[in-house]
Amino acid sequence: MRQALTERDSRAAERTAAGRRIAAARAELGGRRVSLHWSNLFGVVALACVVVLFVTGLLLLFWYAPSGRGVTYEGSYGPLAGQEASAAYVSILRTSFDIPGGLLVRQAHHWAALLLPAAIMMQLAVAFFTGAFRRRRGSWLVLFGLLVVALAGGRSGYALPDDMLSGTGLRIFQGILLGIPVVGTWLSWLVFGGGFPGCIIENLYPVHIAVVPLLLVVLLWLRARLASRQEPRRYPGEIGVAVFPDAAVRAGGLFAIVTGLLVLMAATVTVAPVWLFGPSSPGDASAGSQPDWYTGFLDGALRLVPPGWEVVWLGRTWTLAILVPLAVVGAFLLAVAVYPFFEQWVRGPGEDDALLDRPRNEPTRTALGVAGIVFYGALWGAGSADLLATHFSIGLEAVVHGFQALVVLGPVAAFLLTRRVCLALQKKDRGLLLHGYETGRIVRLPGGRYVEVHAPVPEAERVQLGGPRAVAAAVVRPDESGRIRIGKLIRARLARAYLEDRLEPAPLARIEAAAERDRVDEATAGRAGAA
């Protein structure tokens, strides 16, 4: 009897303790406020894509045959009946035509895989242009890692159907590996398990179903853990809403909308019709083949290299047509990953790092971001140079030369233009703060003069229009031996160049005086109009 009472009391105590912990967690989430800005919604879109990928991938796991051995197709798709193809390709056809709902599941999986990199790229862009990475460089690296894993997952899944399109992509990939000096042949044999196509299906399958999902789960957990330990970022003057229940309900609604749209697209829009491409053949290639959109920039980098870029050195042929694109793309991705560390080193820690920046208030950072987007877009567009030439009846050489010029000159022009636009927008905001906004009311004063009435900017908007925040100038001082280190000198010059084209913050007293003047002018104009 006593033992039963003791167990019941302990269970009641556990329930009470669990209830207290849940109540404490709800109170903490209710006290945390997050921004309602639309740019914060891409994380929910990415999470919805991951969930759809996991659910559909689990179903496809039971239907797909990860084998490159040849079998005879005997399914319901007439044009390929009796044809020999790999077991992987036959299982894809069986999933698409013979399993009820199989095509819907497969297309939902593919659409989610196409949308996931876009959602992560948008998150990176938002974090970059708003300065959300300041003192959160770990979150930035986790987000960048999610992008790399998403690209790896999409690239590995691209080859699994073993159709003609994926076979052409694999042949290009093998050519890239073989073009790497010294280790290229070894890498090709390691990845393909021998000559082309080798055991590529069997080698990529574990990567796609085990390595990529595990890395996604780990990185998502790390991102959620870092977000729970850090103060939510908001724009200056923004109050935001509570994480629970307001933001949680909004996120749940968006999650349901994205999931529903993915299923709707899978049911109505055909994607990756492998039955039209036919089975992969090592001796054939698909004309006009295009990779999935998120890897198009890699293909474009290869197409922009001029012909004849080869040198013989140390008894080996060094194919610059492969090495230069790999180096350029690798340097670009590395620059994206380490940029927060570079900016922190140049600018210093700063203040108010819990606040987000308006992109116009950071001209150099915004210009660098736009230049990077133009560079990426030029490479991405070059991946479809052949289609552009055929569709618009333009010479292929002219298209390639145009993209070559764009990839070199485009980022420079975008950088210079963006900085000037940001400065102009800063001056516009400063004018609104000091002179008010135009009301469209034209009144005649007692002296006969006509004036347009300007109203003061509302109090809630003044903080947003306040312009760039003050940044301490980098001062170069000699060390104990009286020498100036070259690193400090470089940092000071970079900081000076980085902080160009920024308006100094307007004094608060001047803003208040301008607002009071606008209110007096508005009242005077009102009395004159009434008279």
Q. If we keep just the residues of segment 298-330 that are out of contact with any strand residue (DSSP E or B) (no Cβ under 8 Å at 6 or more places or on another chain), small (Gly, Ala, Ser) and modelled with pLDDT of 80 or more, which is surrounded by the fewest Cβ atoms within 10 Å (Cβ to Cβ)?
A. Gly330
**Q.** Residue tally, condition over 20 Å from Ile172 (Cβ atoms) and free of Cβ contacts under 8 Å to residues at least 40 places away in the same chain, over segment 309-325
**A.** 5
Q: Only residues in segment 425-454 that are farther than 22 Å from Gly466 by Cα count as the first member; pair them with residues that are in a loop (DSSP other than H, G, I, E, B), Cβ under 7 angstrom, at least 6 apart or cross-chain, and list the lot.
A: Val451/Leu445
Q. Exactly one of (1) on the phi > 0 side of the Ramachandran plot; (2) among the hydroxyl-bearing types (Ser, Thr, Tyr); (3) surrounded by 15 or more Cβ atoms within 10 Å (Cβ to Cβ) is unmet by Ser393. Its number?
A. (3)
**Q.** Candidate set from segment 172-203 (those that are surrounded by fewer than 18 Cβ atoms within 10 Å (Cβ to Cβ) and of a type in the set (Phe, Trp, Tyr)); member that is modelled with the lowest pLDDT
**A.** Phe196
(Q) Quick check on Arg496: is it modelled with pLDDT of 70 or more, more than 28 Å from the chain's Cα centre (by Cα) and assigned to a loop (DSSP other than H, G, I, E, B)? (A) no
(Q) Considering only segment 159-169, I want to know if a residue exists there that is touching a residue at least 40 places away in the same chain (Cβ under 8 Å), open to solvent by 20 Å² or more (accessible area, probe 1.4 Å) and part of a helix (DSSP H, G or I). (A) yes
Q: Just need a number here: residues in segment 73-109 that are open to solvent by 40 Å² or more (accessible area, probe 1.4 Å), among the hydroxyl-bearing types (Ser, Thr, Tyr) and touching a strand residue (DSSP E or B) at 6+ places or on another chain (Cβ under 6 Å).
A: 0
Q.
For the condition crowded, with 22+ Cβ neighbours inside 10 Å and not aromatic (Phe, Trp, Tyr), what is the one hit in Leu114, Leu47, Leu53?
A. Leu53
Q | Residue ranges of helices (runs of 4 or more DSSP H) in segment 228-312 with at least 1 members small (Gly, Ala, Ser) and under 21 Å from Leu103 (Cα atoms) | A | 248-268
**Q.** Every pair of residues 6+ apart whose Cβ atoms lie under 8 Å, when the first sits in segment 205-232 and is over 17 Å from Ser156 (Cβ atoms) and open to solvent by less than 60 Å² (accessible area, probe 1.4 Å) while the second is part of a helix (DSSP H, G or I) and among the polar types (S, T, N, Q)
**A.** Leu226/Ser139; Ala227/Ser139; Gln230/Ser139
Q: Determine, yes or no, whether Arg462 is under 34 Å from the mean Cα position of the chain (by Cα), at pLDDT 70 or above, open to solvent by less than 80 Å² (accessible area, probe 1.4 Å) and more than 22 Å from Glu343 (Cα to Cα).
A: yes
Q: Spot the failing condition for Leu323; the list is (1) more than 23 Å from Gly43 (Cα to Cα); (2) in a loop (DSSP other than H, G, I, E, B), and only one is missed.
A: (2)
Q | So Leu60, is it in contact with a Gly (Cβ under 6 Å, 6 or more places away or on another chain), assigned to a helix (DSSP H, G or I) and open to solvent by less than 40 Å² (accessible area, probe 1.4 Å) | A | no
**Q.** Flag for Arg134 being crowded, with 22+ Cβ neighbours inside 10 Å and of a type in the set (D, E, K, R)
**A.** yes
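The values are calculated or read from the model by the stated rules, or taken from the named source; none is laboratory data. Quick caveat: nothing in here was measured; it's all calculated off a predicted structure. Counting neighbours? That spans all protein chains shown, and the Cβs are built from the backbone with ideal geometry, glycine included. Calculation scope for accessible area: heavy atoms of the full protein, side chains included, ligands and nucleic acids excluded. Shrake-Rupley method; radii C 1.70, N 1.55, O 1.52, S 1.80 Å.
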